[in-house]
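Here's the structure, in C-alpha cells; my notes come after.
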Amino acid sequence: SRDWSSGVCSSDLGDHNPAGIECLKKTLTQVNRGKIYTVCGFSPDKPFVSMFQELRSFSEDILLTQIPRLQDKTTPEYQSMGEFEPDPLIAVRRMLEKVSQEDTLLVSGSLYLVGEIRKLWRDRVDF
C-alpha cells in the first residue's frame, strides 16, 4: 500500500481550459523536481484534443479518464486520444504505481475530475 500523504500528488484547479494548461506548464517548469505523471479528464465542451496534446508534451506518462457525471457524453474520439481508463479513481491508483518520491502526479482537466479524485484523500469537503 502506498503512503499517499507524502506530498507526491498535486492537483491544479486552473487548468480546465487551454490558457490554464499553458499557465500550469509554466508553473511546473519552475517547481517540479522529477518526472510528471498525469491523469487527465475533460468536459466534452472544451477543446480536449489540444489540451490533452499539450499535457502529453511535458508528461512522462499520461492516462486519460472521464468525468463520471459526464460519462454519457464521452465520445469515441475522446477515448481514442490515448490510454483510457474510464474510472478516475482507478486511473489515479494505476498512475501512482509508477510515481517515485521525486516525481509529481498531476491530476488535471475538469474541476469535476479534481472533485472525484479528491475522494481518495478526503471523504468530505470542509469550508
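The values are calculated or read from the model by the stated rules, or taken from the named source; none is laboratory data. Every value quoted in this text rests on a predicted model; they were computed, and no experiment measured them. Neighbour counts run over all protein chains shown; Cβ positions are idealised from the backbone, glycine included.
Here are a few things to note about the model shown:
- Selected residue (only one of ILE67, ILE117 is surrounded by 15 or more Cβ atoms within 10 Å (Cβ to Cβ), aliphatic (A, V, I, L, M), at pLDDT 90 or above and in contact with a Pro (Cβ under 9 Å, 6 or more places away or on another chain)): ILE67
- Residue-level check: of (1) touching a residue at least 40 places away in the same chain (Cβ under 8 Å); (2) farther than 15 Å from PRO44 by Cα; (3) surrounded by 14 or more Cβ atoms within 10 Å (Cβ to Cβ); (4) not β-branched (Val, Ile, Thr), LYS98 misses just (3).
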